[in-house]
Amino acid sequence: MGKSMVPQRLFFTKGVGKHKERLTSFELALRDAGIAAQNLVRVSSIFPPQAKLIPRKEGLKYLHPGEVVFAVVAENSTREPHRLLASSIGVAIPSDRNTYGYLSEHHSFGETEEQAGEYAEELAAEMLATTLNLEFDPDKSWDEKKEIYRISNKIVRTTNVTQSAIGDKRGLWTTTIAAAIMIFE
């Protein structure tokens, strides 16, 4: 196993689904994200050393129906009409590409897509900052912490993928997903 089980590429995807059955709404969200034909195995949140973040369109080309795919997944569902929900994956990538980074999952109610995305991004950056021994005040704003990370030259990039939705007005299940899909080829 060893090195062959370390992904070389990752891509982000997201989707939303609505249906009277919760499971079917989840399936429709997976379809919207382009990953319904794969067997997803949820993994924890490490961005592998040397891995490259690629665009969704490119990443989907690597997938095959029935394939077992490792993924970091955030998921949320509601049947409450007009309820705002979100699922988000944040990432923090270190400037030293031989060091691992972090992915974070966040799912919430009542947060906009931007709020949920920034929160997930901040979570990933804080996890990485603590492993790099960067000093920061956890009570500072995300913008202030980003500046500290930038100045340190230890965290090169943070970003997120977020899917938000508003609960179906007729009370159908509404499901959001965001995922980081790992590619081993």
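Over the residues of the chain, the helix contribution to mean residue ellipticity at 222 nm works out to -8000 deg cm²/dmol, using -39500 (n - 2.57) for each DSSP H run of at least 4.
Across the cross-link table entries 14/154; 57/146; 14/52; 57/169, which are compared at the Cα atoms, the separations over 26 Å belong to 14/154; 57/146; 57/169. Computed with a 1.4 Å probe over protein heavy atoms only, the accessible surface of the chain comes to 52 Å² per residue.
Here the chain yields Rg over Rh of 1.00, to two decimals, using C-alpha coordinates and the Kirkwood radius.
Taking the Kirkwood radius as the inverse of the mean 1/r across Cα pairs, report the Rg/Rh of segment 134-185.
Values: Rg = 17.8 Å, Rh = 14.9 Å.
Rg divided by Rh gives 1.19.
Only protein atoms count toward the accessible area here, which uses a 1.4 Å probe; on segment 1-116, the carbon and sulfur part of that area reaches 52 percent.
On a 1.4 Å probe surface of the protein chains, which of 143, 168 comes out largest in accessible area, and what is the full order? All intermediate terms of the calculation are to be shown ahead of the outcome.
Numbers: 143 105, 168 10 Å².
Descending order: 143, 168.
On segment 127-185, 48 percent of the accessible area sits on carbon and sulfur atoms, based on a 1.4 Å probe. For the residues 156, 16, 91, a 1.4 Å probe over the protein chains yields an accessible-area ranking, largest first, of 156, 16, 91.
The values are calculated or read from the model by the stated rules, or taken from the named source; none is laboratory data. Keep in mind that what you see is a predicted model, and the values were worked out from it rather than measured. Keep in mind that these areas ignore ligands, DNA and RNA; they rest on the heavy atoms of the full protein, side chains included. Shrake-Rupley method; radii C 1.70, N 1.55, O 1.52, S 1.80 Å.
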